[in-house]
Every structure is written in structure tokens, then in C-alpha cells.
Amino acid sequence: MKSTRPTAQIREQVESSRTRERRTESLYRLSRQLAGASGSEFLVSMAGRQVQEILGGEVVVLLLRRKIEIDSTQPRYLLTEQGVGYRLAAE
């Protein structure tokens, strides 16, 4: 069965709505976790996971490094752990 243009538009709208719902649920989950969190390293780790789920990991790490690092190409604070993910460096 061949899709008509209105059918394709409806499918696009449904997918867009589902994406918004997933992002909204992720943000609610993040706010609940932040309310019960303690310790800065835990907060950064947990927030990073949620933001990664919402936006995609590589973009988020790049943006964070641009904000907190002196030279984002030579990170000192937000470090990559091979096979694990990212961690906040202890000072």
C-alpha cells in the first residue's frame, strides 16, 4: 500500500510527538534524581547520562568541555574513561 502525502505527514507528526515525550520523560527523571542526589561527582555523572539520553553523548561532552575546560581539546576536568564513559576529575 502506497502512502499518501497526508499519511506521511501524520506519521512525521506522530514520530515528532514520541520524540518530545521521550525527552520530556528524561527531563522529569533527571529532576527527580537531582532532588535526591548528593555529591558533585555523582551529580555530574547522573546529569551527563540524562543529557546524553536527550541530546546524544558526543555533542553534550563537546559542549560541556567548551564551557569548563581551558582548552577543550586537552581536557583536565571532564575525562574520558575507556569502556566506561566520562568522569569528573578530582582536584
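A short reminder: the numbers here are calculations on the coordinates, not readings from a lab. For clarity, every value in this text was computed on a predicted model and none was experimentally measured. Every residue, glycine among them, receives a Cβ derived from its backbone with ideal geometry; neighbour counts consider all protein chains shown.
Here are the numbers for the structure shown:
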{"quantity": "Helix 40-55 axis, angle to the chain major axis (alpha carbon atoms, nearest 10°)", "calculated": "20 degrees"}
{"quantity": "Amide H contacts of residue 78 (H built 1.01 Å from N, under 5 Å, at least 5 apart or other chain)", "calculated": "89"}
{"quantity": "P(r), alpha carbons of the chain - 10 Å bins starting at zero, rounded %", "calculated": "14, 35, 25, 14, 9, 2, 0"}
{"quantity": "Length added when fully stretched, residue 13-residue 43, from 0.36 nm per residue minus Cα-Cα", "calculated": "7.4 nm"}
{"quantity": "Label-to-label distance, nm, for residues given as residue 34 and residue 74 (7 Å Cα→Cβ offset)", "calculated": "3.3 nm"}
{"quantity": "Ellipticity estimate at 222 nm from DSSP helix runs (n ≥ 4, -39,500 (n - 2.57)) divided over the chain, nearest 500", "calculated": "-22500 deg cm²/dmol"}
